[in-house]
Every structure is written in structure tokens, then in C-alpha cells.
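Report on the following structure.
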Amino acid sequence: MWAVFALLSAVFAALTAILAKIGISGVNSNLATAIRTVVVLVMAWGIVFITGKQSEIPNIGQKSWLFLTLSGCATGLSWLFYYKALQSGEASRVVPIDKFSVVITMIMAFVILGEKVGFKSVVGGILITAGTLILVL
């Protein structure tokens, strides 16, 4: 079961990056981090207030609020599945699966965000996938 939880963690971690990419458009990255990250709430909001970016809150559009909120939800699900996987599986096998989110993010970036698929990206993704399989099997 730990492998399923680790894979779900990777999927939600990848989704976090994609949703944040969509939601952060036109939003200060510190403010976006504060909105989507409950765990580092005090630090993120501290940075927002120190840099004076709190005045940008009224300027955040509904789309950004929506996608930053969804990104925060994906982050929470990723962490829940990650810790569940770690609870019952070996860290040396759980972590590589979790880091497979890099490849999942690349695929989602190509499909959802329309980012360019390059030779280096494809080769890198294949190598990461091969490395993950070698580490886990």
C-alpha cells in the first residue's frame, strides 16, 4: 500500500506545481506562497508584511484565488499521502516515488500549460523515470 500512497503523493505534488503556475500569474510570489501554504503560514505572511506586499491583496483576481486555493489543497493531499507512505514503507523507496512528481509535472506542463516539449526534457524525463524504477525495484 505504501507504493500507492507514494505515487498519489507524487501526483498531487505535481498538481501543486501546475495549479500554482496558473494561479500565481500577476500575484507576488511571497503572497501566493502565504495563500497556498498552511504549514509555513507564519513565515510566509511575515515575508508578505515585511516586504509591504499586503497592499496587493485587493488586486488578486478570482482566478488566482481559485488556483492558489486548489494548489494549497493539492499540497495538503500530497503531504498526507507522503507521510502515510512513509509510515508503512521504507524511506529509500518512498522518496524516489515521491520525487517522480518531477516527471509528472513535466507531462502536466506540456499538456495543461502547453509548454514546449524539447529533446532534453524528454531524455531527462526518461532518465528520471529509469532512475526511479531502479531505486524502487
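Using the Cα gyration tensor of the stretch 72-137, with a ≥ b ≥ c the square roots of its eigenvalues, what is the shape: rounded (a/c below 1.5), prolate (a/b larger than b/c) or oblate (neither)?
On the way: a/c = 4.88, a/b = 1.38, b/c = 3.53.
Oblate.
Tell me the relative contact order for the chain as a rounded percent, counting alpha carbon contacts under 8 Å between residues six or more apart.
Details: 163 pairs, mean separation 54.3, N = 137.
Computed over the chain, the figure is 40 percent.
Counting Lys and Arg as +1 and Asp and Glu as -1, what is the net charge of the other residues whose Cβ lies under 15 Å from the Cβ of Phe5?
Details: positive: Lys84, Arg93, Lys99; negative: Glu90, Asp98.
After counting each charged neighbour, the total is +1.
To the nearest 20 debye, what is the magnitude of the charge dipole of the chain about its Cα centre, counting +1 on the Cβ of each Lys and Arg and -1 on the Cβ of each Asp and Glu?
Working: 9 positive and 4 negative charges, 27 e Å.
Computed charge dipole of the chain: roughly 140 debye.
Sorted by average packing, counted as other Cβ atoms within 10 angstrom per residue and highest first, what order do 129-135, 111-117, 64-70 take?
Values: 129-135: 12.9, 111-117: 11.1, 64-70: 17.6.
Those peptides, ordered most packed to least, come out 64-70, 129-135, 111-117.
Take the alpha carbon atoms of the chain, find their radius of gyration, then divide it by 2.2 N^0.38 Å using N residues; give the quotient.
On the way: Rg = 16.7 Å, N = 137, 2.2 N^0.38 = 14.3 Å.
So the Cα radius of gyration is 1.17 times the expected 2.2 N^0.38 Å.
Within the chain, what is the number of lysine pairs with alpha carbons under 25 Å apart, leaving out pairs fewer than eight places apart on the same chain?
Within the chain, the lysine pair count is 10.
Let me know the charge dipole size of the stretch 82-134 about its Cα centre in debye, to the nearest 20, where only the beta-carbon of Lys, Arg (+1) and Asp, Glu (-1) is charged.
Working: 5 positive and 3 negative charges, 11 e Å.
Charge dipole of the stretch 82-134: 60 debye, to the nearest 20.
Read the figures in this text as sums done on the coordinates, not as results from a lab. Note that the structure is a prediction, hence the values are computed from the model and not measured. Every residue, glycine among them, receives a Cβ derived from its backbone with ideal geometry; neighbour counts consider all protein chains shown.
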